[in-house]
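The values are calculated or read from the model by the stated rules, or taken from the named source; none is laboratory data. The shown structure was predicted, so the numbers you read here are calculated from the model rather than taken from an experiment. FYI the Cβ positions are ideal-geometry reconstructions off the backbone, even for glycines, and counts take in every protein chain you see. The protein model used for the area step is the full one, side chains on, heavy atoms only, and it has no ligands, DNA or RNA in it. Shrake-Rupley method; radii C 1.70, N 1.55, O 1.52, S 1.80 Å.
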Amino acid sequence: MSENYDVVVIGGGPGGYVCAIRAAQLGLKVACVEKRGTLGGTCLNVGCIPSKALLHSSHLFEEAEKHFDTHGIEVSKPKVNLEKMMARKDKVVDSNVKGIEFLFKKNKVTYVKGAGEITSATTVKVALLDGGEETITAKNIVIATGSEVTPLPGVEIDEKNIVSSTGGLVLSKVPKKMVVIGAGVIGLELGSVWRRLGAEVTVIEFLDRILPGMDGELVKQTQRIFAKQGLNFKLGHKVTGAKSTKSGVTLTVEPSKGGDAEEIKADVVLVAIGRRPFVTGLGLDKAGVELDERGRVKTDEHFQTNVQGIFAIGDAIVGPMLAHKAEEDGVALAEMLAGEAGHVDYDKVPGVVYTWPEVASVGKTEEQLKEEGVDYKVGKFPFTANGRAKAMESTEGFVKILEDKKTLRVVGAHIVGPAAGDLIAEVVLAMEYGASAEDIARTCHAHPCLGEAVKEAAMDADKRAIHM
Ligand code: FAD
Ligand code: NAI
């Protein structure tokens, strides 16, 4: 069977499904091919959503176990029912992925269940999940096939004892000892989940710091907070081998800069050293679509690959591997395909680590500004001086706002603290509108809100914060 579409999107993740819906909203005839059997991609099925469901449940458990007493709430010792916690997480995932199916129907996007392969600049052959084949012809093809776990040589993932994030979201019992390889976003989020639920967690990181790329001061404070919570860090070390037996895993660990190797034992090892673009089986060779030196699909600023009519978005291309970035790519491309203008500014994509406290960042770090020779002002405000944070017993962390002294524009913000992921949105908006710190400082913020810490940090850029 062959049908003619304006757009066929390969991959139903946040990049692909959003692109498909937006293109359909704009009157284009759209099909979306997805091989997983469910829509929502990595994010909804094995990424953002299940991890946040477990982060929330484990946070509530820790609150009940360690902090209720402070609030004068007396409960008997809480216990983890992991099966029930996992079932709730699965229900959350299920309702989210079904929601996308509903949105496809509502917007008249054709959902084709199967693996797509590009056979020419206008045709995609789909190996249908139910068996058989379908060829779709379309004026435009969008590659939105996402990313996969980066493997670590010598540490083979079996998704039982040695797991990737996917296995780390479905453990059947709380490990006694867990080693996380990589102190990036996944390592810290999932490491926190299992620590809260009772595991002794050690995070081994190649570099001398956690969360590479984030603002140095933010990271120092964050590491202190996590260490106080009980995460053990072994920085400046690399894992060079793993022996897995029924009773657990023995890792060989060496200092990154050379030195004596040691052995570390764990019940479960989580490999979280990054993700890489996924384009296997797409037929890019035959279609002549070029990849860059890091295996990403090469595109121009209009998401166009080197082959006319074939585009790419999301984790498969350049830019931060984040769901909201993939969505922005999807919307911008759909609008361009419909003859409108579209653009995504990767310098204003926020990044959030959903631990407690949360860690959130947008724009330039102090290190980057120094390196670029930008003369900048710093405004900082600690949550210890915010009334709402005190009322919540969640006073760890700070808001830091960076303003370019010459242009008087906010160029970066870095927050560790309660609800940092929500607070950063205000600064992203301010940056989109080219606001100064003074613009934020003169905006009325409701009291008592955590957002007042953002306002006060902006005031502090001119050394006129009131509550500090
Ligand atoms: P994906 O979501 O990977 O979707 C690609 C889809 O394409 C997949 O469903 C795949 O099955 C399908 N596909 C691939 N090849 C084919 C083919 N040939 N034919 C048909 N279908 C195909 N990001 C955030 O912003 N916030 C978070 O909190 C967050 N948490 C995360 C937690 C974890 C544990 C992980 C692993 C990731 C997390 N991410 C988070 C990252 C986020 O999931 C990705 O950035 C996002 O999913 C990328 O979207 P995408 O559409 O580009 O690709
Ligand atoms: P990451 O890139 O965030 O972190 C990987 C870490 O592993 C780095 O600190 C790196 O220095 C370290 N590392 C690399 N090789 C190593 C080695 N051999 N030994 C020890 N350490 C090593 O990657 P991560 O955590 O796997 O996540 C992948 C991506 O998924 C993220 O970059 C992000 O784009 C996305 N994600 C986003 C989330 C969010 O937005 N909250 C949550 C989870 C994932």
### Query
Under the condition of being more than 14 Å from ligand 1 (Cβ to nearest atom) and in contact (Cβ under 8 Å) with a residue 60 or more places away in the chain, which residue from the range 105-122 is least open to solvent (accessible area, probe 1.4 Å)?
Val109
### Message
Being buried (at least 17 other Cβ atoms within 10 Å of the Cβ) and not in a strand (DSSP E or B) is true for just one of Glu403, Glu426, Glu367. Which residue is that?
### Response
Glu426
### Task
Residues being assigned to a loop (DSSP other than H, G, I, E, B) and either free of Cβ contacts under 8 Å to residues at least 12 places away in the same chain or crowded, with 17+ Cβ neighbours inside 10 Å (or both): count how many of those fall in the range 284-296.
3
## Note on the structure
A careful count of residues in the range 127-177 that are among the hydroxyl-bearing types (Ser, Thr, Tyr), open to solvent by less than 50 Å² (accessible area, probe 1.4 Å) and over 21 Å from Gly114 (Cβ atoms) gives 3
### Message
So, Leu207, is that one touching a residue at least 40 places away in the same chain (Cβ under 8 Å) and away from ligand 1 (no atom under 16 Å from the Cβ) or not?
### Response
yes
### Message
When you scan the range 38-54, do you find a residue that is open to solvent by less than 20 Å² (accessible area, probe 1.4 Å), more than 30 Å from Ile10 (Cβ to Cβ) and modelled with pLDDT of 95 or more, even just one?
### Response
no
#### Entry: Filtered residues of the range 175-190 (kept if more than 10 Å from ligand 2 (Cβ to nearest atom) and either modelled with pLDDT under 95 or outside any strand (DSSP E or B) (or both))
Pro175, Lys176
### Task
Enumerate the pairs (first residue in the range 268-279 and touching a residue at least 24 places away in the same chain (Cβ under 8 Å) and of a type in the set (Ser, Thr, Tyr); second residue anywhere and within 11 Å of ligand 1 (Cβ to nearest atom) and part of a strand (DSSP E or B)) with beta-carbon separation below 7 Å, excluding pairs fewer than 6 apart on the same chain, so at least 6 apart or on different chains.
none
### Task
Looking at (1) part of a strand (DSSP E or B); (2) on the phi > 0 side of the Ramachandran plot, find the lone condition where Val359 falls short.
(2)
### Task
Quick one: count up the residues across the range 243-283 that are open to solvent by 10 Å² or more (accessible area, probe 1.4 Å), within 16 Å of ligand 1 (Cβ to nearest atom) and either closer than 28 Å to Ile313 by Cα or touching an Asp or Glu at 6+ places or on another chain (Cβ under 9 Å) (or both).
11
### Which listed residue, of His56, His71, His67, is touching a Phe, Trp or Tyr at 6+ places or on another chain (Cβ under 9 Å) and farther than 24 Å from Thr137 by Cβ
His56
### Query
Would you pick out the residues in the range 302-341 that are open to solvent by 40 Å² or more (accessible area, probe 1.4 Å), within 17 Å of Ala20 (Cα to Cα) and within 12 Å of ligand 1 (Cβ to nearest atom)?
His324, Glu327, Glu328
### Odd one out for Val92, checked against (1) closer than 29 Å to Gly351 by Cβ; (2) among the β-branched types (Val, Ile, Thr); (3) open to solvent by less than 20 Å² (accessible area, probe 1.4 Å)
(3)
### Task
Return yes or no: is Val97 of a type in the set (Val, Ile, Thr) and either within 16 Å of ligand 2 (Cβ to nearest atom) or open to solvent by 40 Å² or more (accessible area, probe 1.4 Å) (or both)?
no
### Task
Search the range 326-338 for residues that are under 19 Å from Gly40 (Cα atoms) and pair each with any residue that is among the charged types (D, E, K, R) and crowded, with 21+ Cβ neighbours inside 10 Å when their beta-carbon atoms are under 6 Å apart and the residues are at least 6 apart or on different chains.
Val331/Arg22; Ala334/Arg22
### Query
Out of Thr240, Thr299, which single residue is within 22 Å of Cys32 (Cα to Cα) and either part of a loop (DSSP other than H, G, I, E, B) or open to solvent by 30 Å² or more (accessible area, probe 1.4 Å) (or both)?
Thr299
### Summary
For the range 197-234 the number of residues that are on the phi > 0 side of the Ramachandran plot and more than 10 Å from ligand 2 (Cβ to nearest atom) is 2
### Query
Of the residues that sit in the range 455-468 and are outside any helix (DSSP H, G or I) and hydrophobic (A, V, I, L, M, F, W, C), which one is surrounded by the most Cβ atoms within 10 Å (Cβ to Cβ)?
Ala461
### Task
Name, by its number, the condition in (1) within 16 Å of ligand 2 (Cβ to nearest atom); (2) out of contact with any Asp or Glu (no Cβ under 7 Å at 6 or more places or on another chain); (3) open to solvent by less than 10 Å² (accessible area, probe 1.4 Å) that does not hold for Val9.
(1)
### Message
For the range 429-454, give me each residue that is part of a helix (DSSP H, G or I) and more than 28 Å from Leu211 (Cα to Cα).
### Response
Glu438, Asp439, Ala441
### Query
What residue, of Thr166, Thr202, is β-branched (Val, Ile, Thr), at pLDDT 95 or above and in a helix (DSSP H, G or I)?
Thr166
